[in-house]
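Each remark here refers to the structure printed beneath this line.
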Amino acid sequence: MKHRDISEADPEVYKALKNEIERQETESLEMIASENFVPRQVLQAQGSVLTNKYAEGYPGKRYYAGCEYHDKVENLARERACELFGADHANVQPHSGTTANVGIYGKFIGQGGKILGPVLSHGGHLSHGHSVSMSGDMFNFEGYPVNEETERFEKEDVMEAAKEHNPELIVCGFSAYPREVDFEMFREVADEVDAMLMADIAHISGLVAAGVHPSPFPECDIVTTTTHKSIRGARGAMILCKEEYADKVDSAVFPYSQGGPLMHQIAGKAVSFKEAMRPEFKEYAQQIKDNTKALAEGLRTHNLRMVSGGTDNHLVLVDLKEEDITGKEAEEALEEAGIVVNKNSVPHDPEPPQVTSGIRVGTPALTTRGMEEKQLEEIGEMIGEVVRNPDSEEVNQNVKSRVSELLEEFKLYAGSEVDY
Ligand SMILES: *Cc1c(COP(=O)(O)O)cnc(C)c1O
C-alpha cells in the first residue's frame with residue numbers, strides 16, 4: 001500500500017476541502033442554529049486510525065479481538081458524558097440523532113405504539129413522527145401544540161393532548177423553540193397518563209452541559225442528543241439514561257438499529273466532552289445566551305416580531321407572517337448579503353414548508369468565533385435591514401462589506417494548524 005498526501009493522491013477532493021475551509025473562514029456569517037465549528041483537537045481524533053477497526057459490541061464485551069484501545073476511548077467518552085449530564089449511563093455509539101430516536105421508539109415502545117411529540121411546525125424535528133420520516137411510518141405519533149397566546153409549551157395544552165391520546169411515551173425536545181424547556185412540567189404530564197418521558201436535547205445539549213439550561217435529569221427517563229450542535233463536538237449522537245434502562249438502551253443502538261460503531265467519531269466525542277468540562281466552555285455557553293439576547297435587541301430595532309416575543313436560549317425564530325417577505329425570500333436575500341440562516345415554519349404558518357413565513361437564527365457558531373453582544377446586536381440590525389429591503393443593492397453591498405470586516409476580525413481556523 002502506498003501512502004501519499006491527499007493533495008497529490010486526490011487533487012479533486014483536496015481542492016474541495018481547501019475551498020470549504022476558505023468558505024467557512026471568509027465567506028459568510030454562519031447562523032444556522034444547529035451548526036458549529038469544532039476545534040482542531042476534535043478534527044484530529046476524527047481523522048484517526050480508530051476508523052480501521054470493527055468494534056461491534058461494547059467495552060469489555062466486543063465481538064472482535066484487538067479492541068483494547070477502542071475500549072479505552074469509548075469508556076472515556078461514556079464517563080465524561082455521564083459526568084457532564086448527571087446521567088447513570090451513556091451510550092455514545094449512535095451515528096445520528098435520528099437513529100438514536102428511532103432506536104429508542106422501536107425498542108421501548110414497539111412498532112405501531114402511541115407516542116406524543118411536539119407538532120412539527122411548532123418546533124419539533126422530523127424524527128418526532130413526521131410522515132416523511134421512518135419515525136412517522138413505524139410509530140403512531142400525535143402532536144402537542146404551543147399555547148395560542150404565549151407561543152410556549154404550557155402544561156394545559158400538553159396535558160390536554162396527553163389525555164386525549166393516552167401515549168406510551170412523551171417526547172420533549174425541539175429544533176426550533178426559543179425558550180427554556182420545562183422538564184418538570186413534562187414529567188407531571190407523563191405521570192398523569194402513565195407514560196415514559198424522553199427528552200431530545202439535540203439543540204441545547206451544550207447549554208445543558210454547561211449548566212446554563214435546566215437539566216432533563218432526574219425528570220426524564222431517557223435523553224437523546226446529537227453531539228455536534230451547541231455542544232460543539234464530533235458529528236453523531238448519544239443516549240443518556242438512568243441505570244434501570246441501561247441494558248435496553250444499549251441493545252436499542254446495537255444490534256437493534258446499528259452495526260459497528262464509528263470509533264473515530266467516538267474519539268472525537270470523547271475529546272469534545274473533555275472540552276465541554278472546561279470552565280471556558282461554561283463561559284462559552286453563557287455567551288451564546290447573552291449573544292442571542294443581543295441579537296433579539298438588534299432585530300427589535302426594526303420591529304421584527306419573534307415567536308414567543310424573544311429568546312432564552314441559542315436561537316430566535318423571526319415571524320414574517322405580517323411582513324411582505326416569505327421565509328424563503330428572506331433566507332435568499334440574507335445569503336446574498338453574507339448572512340446564512342434558514343427558513344423555518346412558524347406556528348400557524350400559512351405557507352408550505354418549502355416557503356414558510358419565518359427564519360430561524362442561531363448564535364453558537366458565531367460565538368465560537370469569539371463574537372460578543374456588540375457584534376450580535378449589530379448583526380440583528382443588519383438582518384432587519386436586509387429583510388426590510390430585500391431588493392436594495394445598496395443595503396446588500398453595505399451589509400456584505402461589514403460582514404467581511406467581521407469575518408476578518410473574528411478568525412476561525414486561520415493562524416491555527418488546521419488547513420483543510
Ligand atoms: C438535529 C436534531 C435531530 C437529528 O439529528 P441528525 O443527527 O441530523 O439525525 C434530532 N432531534 C432534534 C430535536 C434535532 O434538532
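The values are calculated or read from the model by the stated rules, or taken from the named source; none is laboratory data. Keep in mind that what you see is a predicted model, and the values were worked out from it rather than measured. Positions of Cβ are backbone-derived with ideal geometry, glycine not excepted, and every protein chain shown enters the neighbour counts. Side chains included, ligands, DNA and RNA excluded: accessible areas come from the protein's heavy atoms. Shrake-Rupley method; radii C 1.70, N 1.55, O 1.52, S 1.80 Å.
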Flag for Asp221 being over 28 Å from Gly110 (Cβ atoms), among the acidic types (Asp, Glu) and in the same structural domain as His89 (by TED's automatic domain parsing):
no
Just to verify a result, which residue in region 88-128, among those that are assigned to a strand (DSSP E or B) and either near the ligand (Cβ under 8 Å from one of its atoms) or without any contact (Cβ under 8 Å) to a residue 60 or more places away in the chain (or both), is farthest from the chain's Cα centre (by Cα)?
Lys114
Out of His89, His125, His130, which single residue is in contact with a Gly (Cβ under 8 Å, 6 or more places away or on another chain), under 21 Å from Gly236 (Cβ atoms) and either at pLDDT 95 or above or not polar (S, T, N, Q) (or both)?
His125
Tally up the residues in region 205-244 that are within 13 Å of the ligand (Cβ to nearest atom), basic (Lys, Arg) and crowded, with 24+ Cβ neighbours inside 10 Å, please.
1
When (1) of a type outside the set (Phe, Trp, Tyr); (2) open to solvent by less than 60 Å² (accessible area, probe 1.4 Å); (3) more than 25 Å from Ala285 (Cα to Cα) are applied to Asp391, the one that fails is (2)
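Yes/no matrix, rows are residues, columns are (1) under 22 Å from Val212 (Cβ atoms); (2) more than 20 Å from the chain's Cα centre (by Cα); (3) of a type outside the set (Asp, Glu):
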| site | (1), (2), (3) |
| --- | --- |
| Asp250 | no, yes, no |
| Met263 | no, yes, yes |
| Ala267 | no, no, yes |
| Phe273 | yes, no, yes |
| Asp290 | yes, no, no |
| Asn313 | yes, no, yes |
| Glu323 | no, yes, no |
Give the number of residues within region 354-366 that are touching a residue at least 40 places away in the same chain (Cβ under 8 Å) and either part of a loop (DSSP other than H, G, I, E, B) or open to solvent by less than 10 Å² (accessible area, probe 1.4 Å) (or both).
8
Which one of Lys289, Lys293, Lys274 is of a type in the set (Lys, Arg) and over 27 Å from Ser121 (Cα atoms)?
Lys274
Only one of (1) more than 15 Å from Glu154 (Cβ to Cβ); (2) among the aromatic types (Phe, Trp, Tyr); (3) in contact with a Pro (Cβ under 7 Å, 6 or more places away or on another chain) is not met by Phe183, so which one is it?
(1)
Ala65 fails exactly one of the following numbered conditions: (1) open to solvent by 50 Å² or more (accessible area, probe 1.4 Å); (2) free of Cβ contacts under 8 Å to residues at least 40 places away in the same chain; (3) touching a Ser or Thr at 6+ places or on another chain (Cβ under 6 Å). What is the number of that condition?
(3)
Being exposed (fewer than 15 other Cβ atoms within 10 Å of the Cβ) and among the basic types (Lys, Arg) is the filter; apply it to region 21-62 and report the residue that is nearest to the ligand (Cβ to nearest atom).
Arg23
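Going by the conditions given, is Val346 in contact with a strand residue (DSSP E or B) (Cβ under 9 Å, 6 or more places away or on another chain) and open to solvent by 20 Å² or more (accessible area, probe 1.4 Å)?
Taking the combined requirement at face value, the residue does not satisfy it.
Yes or no: Val132 among the aliphatic types (A, V, I, L, M), in a loop (DSSP other than H, G, I, E, B), in the same structural domain as Ala234 (by TED's automatic domain parsing) and surrounded by fewer than 23 Cβ atoms within 10 Å (Cβ to Cβ)?
Numbers: among the aliphatic types (A, V, I, L, M): yes; in a loop (DSSP other than H, G, I, E, B): yes; in the same structural domain as Ala234 (by TED's automatic domain parsing): yes; surrounded by fewer than 23 Cβ atoms within 10 Å (Cβ to Cβ): yes.
Yes.
Residues are listed down the side, and each one gets a yes or a no for (1) open to solvent by 10 Å² or more (accessible area, probe 1.4 Å); (2) more than 16 Å from the ligand (Cβ to nearest atom); (3) assigned by TED's automatic domain parsing to the domain that holds Ser121:
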site	(1), (2), (3)
Lys163	yes, yes, yes
Val171	no, no, yes
Glu180	yes, no, yes
Phe186	no, no, yes
Asp191	yes, yes, yes
Ala199	no, no, yes
His203	no, no, yes
Given the criteria more than 16 Å from the ligand (Cβ to nearest atom) and buried (at least 19 other Cβ atoms within 10 Å of the Cβ), does Val73 qualify?
yes
Mind listing whichever residues of region 135-157 are touching a strand residue (DSSP E or B) at 6+ places or on another chain (Cβ under 8 Å), closer than 13 Å to Tyr105 by Cβ and not in a strand (DSSP E or B)?
Ser135, Phe139
